[in-house]
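S.K.: My structure is below; once you've seen it, I'll send some questions.
The values are calculated or read from the model by the stated rules, or taken from the named source; none is laboratory data. On a predicted model such as this, the values are computed, not experimentally measured, just so you know. Glycine gets a Cβ as well: all are built from the backbone with ideal geometry, and neighbour counts include every protein chain shown. For the accessible areas, the whole protein counts, side chains as well, though only heavy atoms, and no ligand, DNA or RNA atoms are used. Shrake-Rupley method; radii C 1.70, N 1.55, O 1.52, S 1.80 Å.
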Amino acid sequence: MGRRADSAPQYAPQTKGARMAVIRRISKYLFMHKGMVILCFCLMIVSNVLALAAPKLSQKAIDTIAVGTGNVDIQKVMIYSAIMLGFYAVSALLSYILAVAMVRLSQKIVYTMRKQLFDHLTELPVGFFDTHATGEIISRISYDIDTVNTSLSHDLLQICTSVVTVVGSLAMMASISPVLLLVFAITVPLSIIYTKYRSTRVRPLFRKRSQKLGELNGYAEEMLSGQKTIRAYSREGVILSRFDKRNDEAVEAYYAAEYYACQVGPTVNFINNLSLSLVTMLGGIFYLFFVLNASGQAAILPMFTISLGGISAFVQYSRKFAGPINEFANIISELQSACSSAEKVFAIIDEKPETPDVENAVVLSDVEGDVKLENVKFGYVPERTIIKDLSMHAKKGNVIAIVGPTGAGKTTVINLLMRFYDVDSGTIRVDGNEIREVTRESLRKAYTMVLQETWLFHGTIYENITYGREGASREEVIKAAKMAHIHSYIEGLPNGYDTVLSDDGVNISKGHKQLITIARAMLADAPMLILDEATSNVDSRTEQKIQKAMYALMKGRTCFVIAHRLSTIQNADVILVVKDGNVIEQGNHDSLMEQKGFYYSLYHSQFDT
């Protein structure tokens with residue numbers, strides 16, 4: 001019905017509390033699949049415990065070789081090695097099963113989230129779509145949810161695994177050498193402080209990246225839908241320069257986020273490698289004490305002694321301990337991006353749906369079509385009133401034409417009749433029922449609409465015509481098509497009524513698209529009709545034929561016609577002349593022409609050269 005640019009979607013910066021709220025909401029999706037979550041948790045625990053037990057077996061095998069009287073127990077070495085190999089093999093198998101299970105789990109969650117988002121979009125008021133670009137909404141459904149999917153299937157698994165690995169490795173290192181463990185008391189806090197410091201500066205960059213990508217998608221969608229107009233006015237250069245500007249902004253935002261985020265990984269990796277170097281150096285010194293003790297000399301600082309196998313196991317556990325910290329630093333940027341994307345998805349899900357029907361709302365039935373507007377006042381935004389004081393009465397079976405200059409409020413009247421918006425004050429009644437006290441479904445089913453902006457979906461012509469009345473017979477569809485003067489054209493297509501239209505019917509002309517939507521309206525058996533420049537895309541000869549068919553169709557029905565070509569509404573029962581949100585003149589064509597007022601000048605202005 002026309003997009004308004006009064007406001008644009010704004011997303012507030014993500015505070016710590018907001019991030020936790022987003023994480024809690026994502027957790028709720030996890031708990032929808034408790035069985036699979038428990039399975040994944042068990043697989044993760046068992047897989048990591050087996051992997052953590054392997055270095056301990058390595059320690060025993062090495063110590064069997066390195067320490068003794070010269071007799072090496074090959075059998076024990078082989079047993080330890082075989083068990084260690086078995087542990088690693090089983091751990092790898094369980095890790096593979098876990099990865100597959102997490103992918104399935106994330107798919108289920110993303111399916112639920114995407115379905116919830118799309119279902120909620122169908123419940124939002126028309127005003128939401130008037131203030132949000134289509135490309136941006138599509139970006140939420142596709143890009144942002146895919147980002148969450150990637151985080152759930154990979155990053156979440158990595159974090160959970162890292163927690164188990166870090167805790168397990170810490171316990172194992174403490175059992176081997178508590179003194180060597182003190183090295184990490186310095187390096188780990190250093191890594192955490194640096195990661196937290198950097199993440200607070202990277203997080204806004206990812207929000208900006210997501211915002212710029214949404215803006216780019218919205219602009220691209222808008223420009224692609226207007227290619228004919230762009231080429232007709234030779235505006236390709238201007239459009240390209242504007243796209244380049246938005247593309248540059250998106251690239252810069254993307255680069256800035258990735259550049260500063262990727263600095264975290266190498267820096268934390270350096271700190272971890274530093275800790276491993278200290279562990280190796282101190283471990284070598286402590287091993288000398290162990291050798292002295294093993295040779296029978298007096299024990300020198302027993303708490304500092306460590307075997308060669310102990311050093312090997314400690315280094316392995318050190319890597320297991322440091323690795324997850326480094327990996328977490330690498331995926332922190334992805335997590336921030338996922339939280340930012342989830343925040344935008346939830347922002348739409350949290351949008352208030354259409355106001356629910358009042359309790360005990362009346363269901364309109366056997367509608368006669370008596371419509372009355374009394375002292376209606378309305379504005380899309382509070383500070384800008386469009387309809388100031390509109391009153392009119394459309395009696396049963398009347399054809400009401402609404403004319404006036406651009407911006408007078410003609411389409412707004414249609415929005416109010418269909419209750420796409422509620423009036424600020426005044427009343428609208430259908431058969432004596434205030435429309436805010438009837439169900440929206442029954443109200444909207446009482447109307448059939450044909451708009452200037454045609455809409456067809458991907459499907460056959462037959463399916464498109466029966467959209468408003470599913471289950472109609474082929475004969476009824478053909479009859480409606482004949483009345484709309486589109487039957488001959490359809491029959492001339494290779495598959496007739498079974499011809500598949502591409503998205504929005506781009507494979508047929510605009511005039512034929514309009515005729516199909518008119519046939520759709522003719523097939524629908526509604527007591528009231530709304531025609532908003534319904535014949536604007538057909539030639540004058542076809543328009544005359546359609547007008548005759550429409551008047552036959554409208555017989556006995558209340559019809560509201562918005563027309564800019566006043567010659568098409570000369571036979572209307574009542575013509576309402578709207579200007580600045582008020583009805584300034586009303587009557588039939590002849591009476592208004594006799595008044596020689598605004599309608600008179602408006603009518604003759606069409607023929608001025």
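S.K.: In segment 472-505, how many residues are in contact with a Gly (Cβ under 7 Å, 6 or more places away or on another chain) and in a helix (DSSP H, G or I)?
M.R.: 1
S.K.: Read through the list (1) more than 30 Å from Gln211 (Cβ to Cβ); (2) small (Gly, Ala, Ser); (3) crowded, with 21+ Cβ neighbours inside 10 Å, then give the number of the only condition that Ser365 fails.
M.R.: For Ser365, the exception is condition (3).
S.K.: Quick check: anything in segment 76-98 over 32 Å from the mean Cα position of the chain (by Cα) and more than 24 Å from Asn48 (Cα to Cα)?
M.R.: In the first step, residues of segment 76-98 are kept if they are over 32 Å from the mean Cα position of the chain (by Cα); the result is 76-94.
From what's left, more than 24 Å from Asn48 (Cα to Cα): 76.
Yes: one or more hits.
S.K.: Looking at segment 447-461, can you tell me whether even one residue there is farther than 26 Å from Lys513 by Cα and small (Gly, Ala, Ser)? Let's see the steps before the verdict.
M.R.: Restricting attention to segment 447-461, the residues satisfying the condition of being farther than 26 Å from Lys513 by Cα are none.
Taking every residue of segment 447-461 in turn, none turns out to be farther than 26 Å from Lys513 by Cα and small (Gly, Ala, Ser).
S.K.: Mind telling me which of the residues Glu453, Glu441 ends up being surrounded by fewer than 20 Cβ atoms within 10 Å (Cβ to Cβ) and part of a loop (DSSP other than H, G, I, E, B)?
M.R.: Working: Glu441 fails: part of a loop (DSSP other than H, G, I, E, B).
None of the others qualify; the one that does is Glu453.
S.K.: Can you tell me which residue within segment 379-390, out of those that are open to solvent by less than 50 Å² (accessible area, probe 1.4 Å) and over 30 Å from Asp525 (Cβ atoms), is nearest to the chain's Cα centre (by Cα)? So that I can check it myself, show each step before the final result.
M.R.: Within segment 379-390, the subset open to solvent by less than 50 Å² (accessible area, probe 1.4 Å) is 379, 381, 386-387, 390.
Next, from what is left, pick out any that are over 30 Å from Asp525 (Cβ atoms): 379, 381, 386-387.
Working: Gly379: 29, Val381: 25, Ile386: 32, Ile387: 34 Å.
Restricting to residues being open to solvent by less than 50 Å² (accessible area, probe 1.4 Å) and over 30 Å from Asp525 (Cβ atoms), the top hit is Val381.
S.K.: What is the residue count in segment 221-234 for residues that are surrounded by 15 or more Cβ atoms within 10 Å (Cβ to Cβ) and out of contact with any Asp or Glu (no Cβ under 8 Å at 6 or more places or on another chain)? Show your work before the answer.
M.R.: At the first step, the residues of segment 221-234 found to be surrounded by 15 or more Cβ atoms within 10 Å (Cβ to Cβ) are 221, 223, 230.
Retained after the next criterion (residues that are out of contact with any Asp or Glu (no Cβ under 8 Å at 6 or more places or on another chain)): 221, 223.
Residues that pass the stated criteria total 2.
S.K.: Now for a different question. Scan segment 414-433 and tell me whether some residue there is among the polar types (S, T, N, Q), within 16 Å of Leu576 (Cβ to Cβ) and either open to solvent by 50 Å² or more (accessible area, probe 1.4 Å) or not in a strand (DSSP E or B) (or both). Step through it out loud before you land on a result.
M.R.: As a first pass, look at segment 414-433 and keep what is among the polar types (S, T, N, Q): 415, 425, 427, 433.
From what is left, the residues that are within 16 Å of Leu576 (Cβ to Cβ) are 415.
Narrowing the set further to residues that are either open to solvent by 50 Å² or more (accessible area, probe 1.4 Å) or not in a strand (DSSP E or B) (or both) leaves 415.
Within segment 414-433, one or more residues are among the polar types (S, T, N, Q), within 16 Å of Leu576 (Cβ to Cβ) and either open to solvent by 50 Å² or more (accessible area, probe 1.4 Å) or not in a strand (DSSP E or B) (or both).
S.K.: Look through segment 368-378, keep the residues that are touching a strand residue (DSSP E or B) at 6+ places or on another chain (Cβ under 6 Å) and closer than 16 Å to Tyr447 by Cβ, and return whichever of them is surrounded by the most Cβ atoms within 10 Å (Cβ to Cβ). Steps first, answer last, please.
M.R.: Taking segment 368-378 and keeping what is touching a strand residue (DSSP E or B) at 6+ places or on another chain (Cβ under 6 Å), we get 369, 371-378.
Next, only the ones that are closer than 16 Å to Tyr447 by Cβ stay: 369, 371-373.
Details: Gly369: 21, Val371: 23, Lys372: 16, Leu373: 21.
Within segment 368-378, the match that is surrounded by the most Cβ atoms within 10 Å (Cβ to Cβ) is Val371.
S.K.: Kindly indicate the residue of segment 127-138 that is in contact with a helix residue (DSSP H, G or I) (Cβ under 7 Å, 6 or more places away or on another chain) and surrounded by fewer than 18 Cβ atoms within 10 Å (Cβ to Cβ) and also farthest from Ile349 (Cα to Cα) among those meeting that condition.
M.R.: Thr134
S.K.: Run Met113 past the list (1) within 30 Å of Ala250 (Cα to Cα); (2) open to solvent by 80 Å² or more (accessible area, probe 1.4 Å) and report the number of the one that doesn't hold.
M.R.: Here Met113 clears every test but (2).
S.K.: Among the listed residues Ala185, Ala174, Ala101, identify the single one that is open to solvent by 30 Å² or more (accessible area, probe 1.4 Å) and in contact with a helix residue (DSSP H, G or I) (Cβ under 8 Å, 6 or more places away or on another chain). Working first, answer last.
M.R.: Numbers: Ala185 fails: in contact with a helix residue (DSSP H, G or I) (Cβ under 8 Å, 6 or more places away or on another chain); Ala101 fails: open to solvent by 30 Å² or more (accessible area, probe 1.4 Å).
Matching residue, one of Ala185, Ala174, Ala101: Ala174.
S.K.: If we only count strands (runs of 3 or more DSSP E) wholly inside segment 510-596, which ones have 2 or more residues that are modelled with pLDDT of 85 or more and closer than 16 Å to Met449 by Cα? First the steps, then the outcome.
M.R.: Details: elements: 528-532, 558-562, 574-579, 582-587.
Of the strands (runs of 3 or more DSSP E) lying wholly inside segment 510-596, those with at least 2 residues that are modelled with pLDDT of 85 or more and closer than 16 Å to Met449 by Cα span 528-532, 558-562.
S.K.: Give segment 143-171 a look and list any residue that's open to solvent by 40 Å² or more (accessible area, probe 1.4 Å) and hydroxyl-bearing (Ser, Thr, Tyr), or say none.
M.R.: Tyr143, Thr150
S.K.: What's the number of the condition Lys196 fails, among (1) of a type in the set (D, E, K, R); (2) buried (at least 18 other Cβ atoms within 10 Å of the Cβ); (3) within 21 Å of Gly265 (Cβ to Cβ)?
M.R.: Tallying (1) of a type in the set (D, E, K, R); (2) buried (at least 18 other Cβ atoms within 10 Å of the Cβ); (3) within 21 Å of Gly265 (Cβ to Cβ), Lys196 fails exactly one: (2).
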